[in-house]
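The values are calculated or read from the model by the stated rules, or taken from the named source; none is laboratory data. Keep in mind the model is a prediction, meaning the values are calculated, not measured. Here the Cβ positions follow ideal geometry from the backbone for every residue, glycine too, while neighbour counts run over all protein chains shown.
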Amino acid sequence: MAVKNEKSQTAPAVLPAIVFLIIGFVFLWLSGLTFSRTDHLAKVCTEETEGKIVEIIQKIVTSRTGSVRTTRTEYYPRVRFTRGGKIYTVTSGMTVPKDKYKRGQKVTFMINPDDPSELYLDGQLNTYSAVGWLILGFSAVSFLVAAILFRKCRLYNIGHRQQKQETDWIQEQIDRENFTNR
């Protein structure tokens, strides 16, 4: 009887499928954080207030993906307003487009009455919601790619198993033939 080679083979698409699955979960987590932040601000910032833009804070953010380095500038409005006889100067925690606000511009925004340092300006929640949906979309695409790659692995394994069964059957026929010819 012939010696059978029983080495286990892994489909070539398993590792990329796992990577896309992990990426999908990371994007899902990021979208959850984004939605959580916007939901929190929408719930607690219930008081409309007027104030003035005193400064636009520019923050340069550098990120690196492999060997590619990317730099972008983010803009955070700093507003000054009076509430209960006290003057507050607060920097928004959400970015705005570069030219949306000008220094000295009067603005209406929503604050948290219990913590006036929490605020959002007009349109910021919509923008962050859109970002959340975009990240969620990336998550869905990553999961879809992972599913396609896992399906490819399954088909590869089925084909490989079927090929092995056919090879085993042929080997059995040869072994029988050799046994009967002795």
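Suppose we filter the range 43-91 for residues that are assigned to a strand (DSSP E or B) and under 24 Å from the mean Cα position of the chain (by Cα); how many remain?
Looking only at that region, the number is 16.
Ile148 - would you say it is surrounded by fewer than 17 Cβ atoms within 10 Å (Cβ to Cβ) and of a type outside the set (Asp, Glu)?
Yes: the conditions hold for Ile148.
Go over the candidates Thr10, Thr34, Thr65 one by one and state the one that is at pLDDT below 85 and within 30 Å of Ile174 (Cα to Cα).
Going through Thr10, Thr34, Thr65 in turn, just one is at pLDDT below 85 and within 30 Å of Ile174 (Cα to Cα): Thr10.
Would you check which residues across the range 64-90 are among the hydroxyl-bearing types (Ser, Thr, Tyr) and either touching a residue at least 40 places away in the same chain (Cβ under 8 Å) or buried (at least 16 other Cβ atoms within 10 Å of the Cβ) (or both) and list them?
Selection gives Tyr75, Tyr88.
Checking Met94 against (1) at pLDDT 85 or above; (2) out of contact with any Cys (no Cβ under 8 Å at 6 or more places or on another chain); (3) of a type outside the set (Ser, Thr, Tyr), only one condition comes out false. Which one?
Unmet condition: (1).
If we keep just the residues of the range 27-42 that are within 26 Å of Ala146 (Cα to Cα) and surrounded by 14 or more Cβ atoms within 10 Å (Cβ to Cβ), which is farthest from the chain's Cα centre (by Cα)?
Checked the range 27-42; the qualifying residue farthest from the chain's Cα centre (by Cα) is Phe35.
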